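Trainee: Mind having a look at this structure? Questions to follow.
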Amino acid sequence: MLETENQNTLSDYKLGLDYALEQDQKDELKEHRNQFHIPKDKMGNEWIYMTGNSLGLQPKQTKLYINQELEDWANLGVEGHLEAKNPWLAYHEFLTESMAKVVGAKPIEVIVMNTLTANLHFMMVSFYKPTKARYKILIESDAFPSDKYAVESQLRHHGYDDKEGLILWKPRENEELLNYEDLETILEEQGDEIALIMIGGVNYYTGQFFDLKRITKLGHKYGCTVGFDCAHGAGNVALNLHDSGADFAVWCTYKYLNSGPGSLAGCFVHEKHAYRKDLNRFTGWWSHNKKTRFNMRGEFDQLPGAEGWQLSNPPILSMAAIKASLDMFNSVGMEKLLVKSKKLTGYFEFLLKQLGENTIRIITPSKPEERGCQLSIQVKSADKTLHNKLTEIGIISDWREPDVIRCAPVPLYNSFEDVYKLVEKLKSILNG
Ligand SMILES: *Cc1c(COP(=O)(O)O)cnc(C)c1O
């Protein structure tokens, strides 16, 4: 299990550019920045890229990995399934172990397939089993829109009203973060009507990292199945999915996992379900026993584990990009990554606090174990022109109406200098 303990406190940090440069010098991961393409402005200055939570940057080695597959395809045609340097038939297996490490799971629990929202639906086919008495779905009130649309459509698909069947875990008045006591209250009152709890493991808007184990325990106590969308968690926090006991989880690989726009997604099914043949699911030839898959005639024979939820033979070019990224994650290791991440985000928080409470408010939890690298910053009396001004000067951040900027200093490629410059520019724009 990964340690999420944090040794940094705000008083550990210092003001000034010198301090930032010194931290970059000492940074164990500093060489990794050079392994990425950092976009530049027209003058050739590198952007300050703070949107790795939306689309991670491209590792330089990605092109080599994809080229390998293009070459093998050119030279081998269909024979590449068995003869390619990385044979395509088993290509997804080359990703499993590294991906399992990233999300804290056992290899049998993890598969890379499809895209995120598609995986969420496929998981709900198996883990959302409504009955007349128990059919409701609980989500967080500020869930990512795609997740909300997906669960609403599942309710309708099963013949239920999508308003009546959806229960929202809401923040208290004038607050943004969610409270576990409120979740307990909902479950005490309506737990026996809830079939599924589906929460974003790290909320995309506030950056709040939920206690997956606590939510799962609570949900299971009331007889609900529990799943998480970890799109903002994978590669960003210690998810410990196996240990959480969650029934399933899904995530994408184009945010913190740097695998390219629209790349394939990840899926976790807990080991306790690995050999269950009674679990309903949608199947295809890739969910069939590998040994007899190409006999093509026999009865369907369910492949155990998360692999058994695959449908199709997968897109190898996209998987090559994921392999390029996971090989890097694997060589660094999540432990080291999280140490730097906590330090970098703690430093970011320290500098932002200097701007004063009348100027900004950080929505994201201040406890390092309750967040990843993203900070969501409410800028008092700001509008989108602030975001536009930042973009003009090469600071790429994300704007959410009415007044929130989300910035994610990513430990693999962002530097202390990036964070320093970001806050300096923000300060100078705010001071007019
Ligand atoms: C990014 C994100 C998505 C996007 O879904 P796609 O199917 O990959 O388009 C969905 N849910 C959450 C929570 C996300 O953060």
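The values are calculated or read from the model by the stated rules, or taken from the named source; none is laboratory data. In this text, all values refer to a predicted model and were calculated from it rather than measured experimentally. Don't worry about glycine lacking a Cβ; one is built from the backbone with ideal geometry, like all the others, and counts go over all protein chains shown. Note: areas computed on protein heavy atoms with side chains; ligands, DNA, RNA excluded. Shrake-Rupley method; radii C 1.70, N 1.55, O 1.52, S 1.80 Å.
Trainee: May I ask for the Kirkwood hydrodynamic radius of the chain, worked out over all distinct Cα pairs and given in angstroms to one decimal?
Mentor: Evaluated on the chain, it is 22.8 Å.
Trainee: Might you tell me the accessible area per residue for the range 108-225, computed with a 1.4 Å probe and given in Å²?
Mentor: I get 43 Å² per residue for this part.
Trainee: Would you kindly derive the ³J(HN,Hα) couplings of the range 318-325 from the backbone phi angles with the Karplus curve 6.51 cos²θ - 1.76 cosθ + 1.60 (θ = phi - 60°), listing them in order in whole Hz, with x for Gly and Pro?
Mentor: Ordered by residue, 3J(HN,Hα) equals 5, 5, 4, 5, 5, 4, 4, 6 Hz.
Trainee: Within the set of other residues whose C-beta is less than 13 Å from the C-beta of residue 33, count the net charge using Lys and Arg as +1 and Asp and Glu as -1.
Mentor: So the surrounding residues net to -4.
Trainee: If the elastic network links every pair of Cα atoms under 10 Å, which of 297, 33, 156 fluctuates the most in the Gaussian network model of the chain?
Mentor: Top of the fluctuation ranking is 297.
Trainee: Could you go through the range 389-400 in sequence order and give the Karplus-derived ³J(HN,Hα) for each residue, using 6.51 cos²θ - 1.76 cosθ + 1.60 with θ = phi - 60°, rounded to whole Hz, and x for Gly and Pro?
Mentor: Ordered by residue, 3J(HN,Hα) equals 5, 4, 4, 4, 9, x, 10, 9, 10, 10, 9, 10 Hz.
Trainee: Excluding ligands, DNA and RNA, what is the solvent-accessible area per residue of the range 40-101 at a probe of 1.4 Å, expressed in Å²?
Mentor: On a per-residue basis, 59 Å².
Trainee: Just to compare against my own numbers: the Cα pair-distance distribution for the range 91-330, 10 Å bins, whole % per bin, please.
Mentor: Values per bin, smallest distances first: 8, 33, 36, 18, 4, 0, 0.
Trainee: Could you compute the net charge surrounding residue 143? Neighbours are other residues with a C-beta less than 13 Å from the C-beta of residue 143; K and R count +1, D and E count -1.
Mentor: -3
Trainee: Loop-only check: which trypsin sites (Lys or Arg not before Pro) in the range 334-428 are DSSP coil with at most 14 other Cβ within 10 angstrom?
Mentor: 380
Trainee: For residue 200, list long-range residues whose amide hydrogen, built 1.01 Å from N in the peptide plane, is under 5 Å from its own amide hydrogen.
Mentor: Sorted by chain and number, the residues that satisfy this are 140, 229.
Trainee: Gaussian network model of the chain, Cα springs within a sub-10 Å range: biggest mean-square fluctuation belongs to which of 191, 233, 207?
Mentor: With Cα springs under 10 Å in the chain, the top fluctuation among 191, 233, 207 is at 191.
Trainee: Per residue of the range 269-283, in order, report the coupling 6.51 cos²θ - 1.76 cosθ + 1.60 (Karplus, θ = phi - 60°) as ³J(HN,Hα) in whole Hz, putting x for Gly and Pro.
Mentor: These are the phi-based 3J(HN,Hα) values: 10, 4, 3, 4, 9, 4, 10, 7, 8, 7, 5, 5, 7, 8, 10 Hz.
Trainee: Same structure again: Residues with beta-carbon under 14 Å from that of residue 119, excluding residue 119: net charge, scoring Lys, Arg +1 and Asp, Glu -1?
Mentor: With Lys, Arg at +1 and Asp, Glu at -1, the neighbours total -4.
Trainee: Quick one: accessible area per residue over the range 298-380, 1.4 Å probe, rounded to a whole number of Å²?
Mentor: Dividing the accessible area of the range 298-380 by its residue count gives 37 Å².
Trainee: In addition: Out of 360, 373, 341, whose Cα points farthest toward the positive end of the dipole of the range 338-383 (charges: +1 Lys, Arg; -1 Asp, Glu; placed on Cβ)?
Mentor: Farthest towards the positive pole: 341.
Trainee: Taking all protein chains as present, what is the carbon and sulfur share of the accessible area of the chain, in % to the nearest whole number, probe 1.4 Å?
Mentor: Of all accessible area on the chain, carbon and sulfur atoms account for 50 percent.
Trainee: Can you give the longest stretch of the chain with no exposed loop site, where a site means GluC sites (Glu not before Pro) in a DSSP loop (not H, G, I, E or B) with at most 14 other C-beta atoms within 10 Å?
Mentor: Formally, the longest exposed-site-free interval is 29-163.
Trainee: Please list the equivalent ellipsoid semi-axes of the range 152-227, computed as the square roots of five times the alpha-carbon gyration tensor eigenvalues, in descending order and whole angstrom.
Mentor: 20, 15, 13
Trainee: Tell me, what is the FRET efficiency for residue 428 and residue 332 to the nearest 0.05, using R0 = 41 angstrom and their Cβ-Cβ distance as r?
Mentor: 0.75
Trainee: Still on this structure: For the range 217-287, state which trypsin sites (Lys or Arg not before Pro) are in a DSSP loop and have at most 12 other beta carbons lying within 10 Å of their beta carbon.
Mentor: Here the trypsin sites (Lys or Arg not before Pro) that fit, given the DSSP loop and packing criteria, are 277.
Trainee: To the nearest Å, what is the center-to-center distance of the range 92-151 and the range 335-397, using C-alpha atoms only?
Mentor: Cα centres, the range 92-151 to the range 335-397: 29 Å.
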